[in-house]
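Okay, structure first, notes after.
The values are calculated or read from the model by the stated rules, or taken from the named source; none is laboratory data. The structure presented is a predicted model; accordingly, all values stated were derived computationally and were not measured. Neighbour counts are summed over all protein chains in view; Cβ atoms, including those assigned to glycine, are modelled from backbone coordinates with ideal geometry.
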Amino acid sequence: MTGEIRPDLLSTNGSGLGLAIVRQIIEAHQGYVRASNHPETGGAWLEVFLPWQQP
């Protein structure tokens, strides 16, 4: 992947709620989510951090 923009993959049909829902779920579990651009491809990169509890 070269980081090119492909119009055939672009969609405007979403409601824009995806990341907001992810954030609420992660925060409900006392974690956090970080979104950024992937350093090599420029695409979306989501990192989810959840607390670890030893059983």
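Considering region 9-23, and only residues there that are within 14 Å of the chain's Cα centre (by Cα) and either assigned to a loop (DSSP other than H, G, I, E, B) or surrounded by 12 or more Cβ atoms within 10 Å (Cβ to Cβ) (or both), the residue that is modelled with the lowest pLDDT turns out to be Gly16. Here Ala44 fulfils each of the conditions (1) at pLDDT below 85; (2) small (Gly, Ala, Ser); (3) exposed (fewer than 10 other Cβ atoms within 10 Å of the Cβ) apart from (3). The condition of being of a type in the set (Lys, Arg), at pLDDT below 90 and within 12 Å of the chain's Cα centre (by Cα) holds for only one of Arg6, Arg34, that being Arg34.
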